[in-house]
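Just so it is clear, none of the values below were taken in a lab; they were calculated from the coordinates. Predicted model only: the values in this text are computed from it and were never measured. Cβ atoms come from the backbone with ideal geometry, glycine included; neighbour counts cover every protein chain shown.
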Amino acid sequence: MESIHSTTVIGIIHNGQVAIGADGQATMGSTIIKGNVKKIRLMAQNSILVGFAGATADAFTLLDHFEDKLSQYKNNMRRAAIELAKDWRTDRYLRRLEAMIVAINPQEGLIISGTGDVLEPEHQICAIGSGAMYAYSAARALKNYAPHLSAEEMVKASLTIAADICIYTNHNIEILTLIK
């Protein structure tokens, strides 16, 4: 079975605003399988935005576990992320899952991986997936040279640039925001 490559997800905290976005493309090998996959959602009574990259079924399983951890730790995103990463790394079933998660709220953005990493990237920009570095670079430039833009506008522009460059990213962009 060929591995599934897909997506660019980016979350940005900027001037008190929070936005996350993702493209909709899923591919298998060199074939586009679907162009409108929903890769972002709200969690924790609409206080946390999450997105995933990687194998879709694996990501949904991990998002369910993350939601359980959020419930268990009273929506403490950092604690839930750490506990998920521990389980993901050590559980015999979970450790085989191939995906990454971005979780972002008004205070912080985290990248959670199956290697046990819970990373809080600098500049309040979290990006994962095939086009992550393109979107991240665009977001850094926008934060520095166009700070008047909203977080949502930065996410949209960053994903558009990534879609122009990365063959695993399309222009079918979905964005969610949090109101502080």
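Of all residues in region 85-114, which are farther than 20 Å from residue 39 by Cα, of a type in the set (Phe, Trp, Tyr) and part of a helix (DSSP H, G or I)?
Those that are farther than 20 Å from residue 39 by Cα, of a type in the set (Phe, Trp, Tyr) and part of a helix (DSSP H, G or I): none in region 85-114.
Please indicate, with yes or no, whether at least one residue in region 75-87 is over 18 Å from the mean Cα position of the chain (by Cα) and either closer than 29 Å to residue 165 by Cα or among the small types (Gly, Ala, Ser) (or both).
No; the residues of region 75-87 include none that is over 18 Å from the mean Cα position of the chain (by Cα) and either closer than 29 Å to residue 165 by Cα or among the small types (Gly, Ala, Ser) (or both).
Go through region 142-180 residue by residue and tally those that are hydrophobic (A, V, I, L, M, F, W, C) and in a loop (DSSP other than H, G, I, E, B).
Here is the first cut: in region 142-180, the ones hydrophobic (A, V, I, L, M, F, W, C) are 142, 146, 149, 151, 154-155, 157, 159, 161-163, 165-167, 173, 175-176, 178-179.
Keeping just the survivors that are in a loop (DSSP other than H, G, I, E, B) gives 146, 149, 166-167, 173, 179.
Number satisfying all stated conditions: 6.
Can you confirm whether region 134-151 contains a residue that is touching a Cys at 6+ places or on another chain (Cβ under 6 Å) and surrounded by 18 or more Cβ atoms within 10 Å (Cβ to Cβ)? Give the steps one after another, and end with the answer.
Kept after step one, since they are touching a Cys at 6+ places or on another chain (Cβ under 6 Å), are these residues of region 134-151: 134.
Imposing the further condition that a residue be surrounded by 18 or more Cβ atoms within 10 Å (Cβ to Cβ) reduces the set to 134.
Yes, that holds for at least one residue.
Being surrounded by fewer than 21 Cβ atoms within 10 Å (Cβ to Cβ) and part of a strand (DSSP E or B) narrows it down to one residue among 32, 20, 82, 12; which is it? Break it down stepwise before answering.
Working: 20 fails: surrounded by fewer than 21 Cβ atoms within 10 Å (Cβ to Cβ); 82 fails: part of a strand (DSSP E or B); 12 fails: surrounded by fewer than 21 Cβ atoms within 10 Å (Cβ to Cβ).
Answer to the selection: 32.
Output the residues belonging to region 115-131 that are crowded, with 24+ Cβ neighbours inside 10 Å and either assigned to a loop (DSSP other than H, G, I, E, B) or over 13 Å from the mean Cα position of the chain (by Cα) (or both).
Step one: filter region 115-131 for residues crowded, with 24+ Cβ neighbours inside 10 Å, giving 125-129, 131.
131 - this is the single residue of region 115-131 that is crowded, with 24+ Cβ neighbours inside 10 Å and either assigned to a loop (DSSP other than H, G, I, E, B) or over 13 Å from the mean Cα position of the chain (by Cα) (or both).
Does residue 54 satisfy being surrounded by 18 or more Cβ atoms within 10 Å (Cβ to Cβ), within 17 Å of residue 173 (Cβ to Cβ) and either within 17 Å of the chain's Cα centre (by Cα) or aliphatic (A, V, I, L, M) (or both)? Explain how you work it out, then say what you get.
On the way: surrounded by 18 or more Cβ atoms within 10 Å (Cβ to Cβ): yes; within 17 Å of residue 173 (Cβ to Cβ): no; either within 17 Å of the chain's Cα centre (by Cα) or aliphatic (A, V, I, L, M) (or both): yes.
Spelling it out, it is not the case that residue 54 is surrounded by 18 or more Cβ atoms within 10 Å (Cβ to Cβ), within 17 Å of residue 173 (Cβ to Cβ) and either within 17 Å of the chain's Cα centre (by Cα) or aliphatic (A, V, I, L, M) (or both).
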